[in-house]
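Quick note: the coordinates plus some simple rules give every number you see, no bench work behind them. Remember, it's a predicted structure, so these values are computed and weren't measured experimentally. Quick reminder, even Gly has a Cβ in these numbers, built from the backbone with ideal geometry, and neighbours come from all protein chains shown.
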Amino acid sequence: MRRLAGACALAWLAACAREPASPWVHLARQDLERSVRPSPGAKPDAPGYALVERDGGTRIEKEIVRSDWSYHAALQVWVVDVAIGGYGHPRDGTPFQRLFEPPDVGGGREFRYYPLSNLKGGVIPESGAFSFGKGRLFQYFPVGEEPPARATLSLFLDRGGAEDGRLRLRGNRFSGEAVSVWPGERVTTRVRVPADACLRFATTLEPLPNRPRSAELAPLVFRVFAEGASVFEHVEADPSVARSAWHVVNLEPGTIELRFEVDGPMAFTAFAVPLVGPRAVGTFGQRPPALASERPDLVVFQADTFRADNMAFYGGEPGLTPVLDELVLGAVAFERAWSVATHTLPAHAAILGGVFPRQAGAVGTAQALPEELVTLAERLALNGYRTGAVTDAVILSQRFGMDQGFEWFDEELDDIDGTLARARAFLAADDGRPTFLFVQSYEAHSPYEPSAATIATFGAGVGVEPARPPAYEPLSARLKDALAASEGRGTKHPGVRALLDPLESLYRLGVVDVDRGVGDFVDDLRTRGLLEHGYLLFLSDHGEAFGEHDAVFHGGRVWDELLRVPLFVTGGGLAPRRVAHAASLIDVAPTIARLARVAPDPAWLGTPLLELDRERPLFAFQCWREEPGSSLAILEHDKKLIGYETSEALAEGRFLAAYDLSLDPGESRNLSDALWARELMERMAPVVAPLLVPLFGARAAALDPDKLDELRHMGYGGH
């Protein structure tokens, strides 16, 4: 069972009993014995709010009386401001938000949750239905009815729990192996400390959601005691801002009691990835003999929504990505690389999960990676890797199961400089184990927001006036209206093209920011010595369309502007070479496993790319909900079929189009009547059909109202 609902419990046993040869004692990888509950010191410090034990876990609640409500005529709902929010998300069916009457008022009547977007869309819910988000509670009643005299709003708070024998934290920003210790609590353990050892961990802080920022809040203080004596104190002066910090505490040898405490105002605090291990760990590529490992360090950099032809190596204009263009020349580079999908979630089912999207059940944004799927990070963690992910959140979130196997998962929507600063902090906290770090950036994703410095330096070159750069939101809104009024001409209409051009310019400036960020990051990897013994793999999950095939942005049919991605690996003494054989994102997990000298999971379907010596068919999928018009692609050599993403269409041999990419790379001449096209469909249909069948039971994504708003802001409302 991956999560034990309710209380965190701890038993501190010597990890070396489980891993005799390991010099590290993982304090969060223990069986559970003693409950840790909110103490009197852990309280929301806001009038009218209380922490309670309900539904088998901890919740924050507020009583709302009828006089608190006001009527919102435009939405035809009752509204009340609430300065609280939930934390984390339930994984056992427990509702994230509840609104109910007490037994003495309405017999304990429970009201039904209704998404706010449905209310805004004019969908009339049942009487009493409520929505919650952005610090406001909405409740609907027909004309003549009013909110109850008293009701309780109850929101879930994640205490963390046991998953596969490891304590895990699942917060809104931080997740991974951790001991959750809220203000006013303490946790103790006895641990054997060898000579020349230290305690390493990260302190994490996430504020009470929706609590207004206040200068009156007292600082938060993290403390560690060894045998009753203080050995560590860390102060967070502003508890209203989420942050983390990595620490090293030297310890005296012997069997000692460690005590972890936090004091201050209510917040969600933890000691993440706590372990006792050697003080001297050397540097990347230069370990002490006792820590030397044949397993190399591994970094994956995923530049989201990054078209292959942004780079000159893949046919783009020279000069847009000078860093990447130079880096790829010194790498093992795959000239013809395709994604498995046209949007982020299904693409990462392959990148991190090693299987095709519908096999993983990861198609639309209501779904998450199934827990039964063995991810790349899980495979590496089982083989001694320190596993970390730094992402820009949204889809790359623990809400979608992307944290599986990562002992440190830090998700926050950020610019590329902020994202890479967090990645560097993880690398700087090196503890001597081989490292696997996955970095994901939305810098090139909508809403396109290139840095001011890039606009000032490069804007004029792509038609963007530095003094008055265009803004994505109004442009995209006008684009939607222009497409609707294009008289059937779609993106060929001059009015539509006039809007697409500045949007594409903004996108390309974001690409410049990605290139700059990669350059700084690679310099840092070299300085740390990581690329001497380790490897960097650069890729994207999919491309972006700007009018090709009458499509805009991504998520559409499986055209090459959405499927072609950059893919190359460098470091570890690899001799530079160009690989002409077709590669796919389905190959990433087995490639990283092979570099790590780890056997791939038997369910993974790809090929280790450094051993790729032949052509083989590749497959890609639109994964557009469950609509019968969703498309798939079959690629063999230079021949490409676009078919329908249904078993029925495959069985009947139906397909949309066929292209010879060697003669027609722009996919403009449909050859669906060609004999080779029908033969290819007939031969590949039985191969593709199993790839549409889920391997595991469906798992729902954990989406609260704020997460849904974040998805819509990033353009994921329709997937």
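Amide H contacts under 5 Å for GLY128: TYR140, PHE141, restricted to partners 5 or more places along the chain or on a different chain, H placed in the peptide plane at 1.01 Å from N.
Shown here is the pair-distance distribution of the chain: with all Cα-Cα distances grouped in 20 Å bins from zero up to the longest one, the shares run 16, 48, 32, 4, 0 percent. The value given for region 660-719 is a Kirkwood hydrodynamic radius of 16.1 Å, derived from the mean inverse Cα-Cα separation. Computed per residue of the chain from DSSP H runs no shorter than four, each worth -39500 (n - 2.57), the mean residue ellipticity at 222 nm is -6000 deg cm²/dmol.
Under the classification rounded if a/c is under 1.5, otherwise prolate if a/b is larger than b/c and oblate if not, where does region 298-713 fall, given a ≥ b ≥ c as square roots of the Cα gyration tensor eigenvalues? Rounded is the answer for region 298-713, as its axis ratio a/c remains below 1.5.
Full extension of the segment from ALA599 to SER672, taken as 0.36 nm per residue of separation minus the current Cα-Cα distance, would add 22.2 nm. At an R0 of 41 angstrom, the distance between the Cβ atoms of ALA580 and VAL249 translates into a FRET efficiency of 0.20. The relative contact order of region 298-713 comes to 26 percent, based on Cα pairs under 8 Å that sit 6 or more residues apart. When +1 charges are put on Lys and Arg Cβ atoms and -1 charges on Asp and Glu Cβ atoms, the dipole computed for the chain relative to its Cα centre reaches about 1120 debye. If R0 is 45 Å, the Cβ-Cβ spacing of ASP309 and ASP92 corresponds to a FRET efficiency of close to 0.50.
Once C-alpha pairs closer than 8 Å and six or more residues apart are averaged by separation and normalised to the residue number of region 433-581, the relative contact order reads 22 percent.
Between VAL235 and ASP164, full extension at 0.36 nm per residue minus the direct alpha carbon distance yields a gain of 22.3 nm. With a Cα cut-off of under 18 Å and a minimum spacing of 8 residues unless on different chains, the lysine pairs in the chain number 6.
Rounded to whole numbers, the Karplus 3J(HN,Hα) couplings from phi for region 660-667 are 9, 5, 5, 9, 9, x, x, 6 Hz, using 6.51 cos²θ - 1.76 cosθ + 1.60 with θ = phi - 60°, and x at Gly and Pro.
Amide H contacts for GLN367 (H built 1.01 Å from N in the peptide plane; partners 5 or more residues away or on another chain; cut-off under 5 Å): ALA701.
Volume per residue, Å³, of the convex hull around the alpha-carbon atoms of region 597-719?
182 Å³
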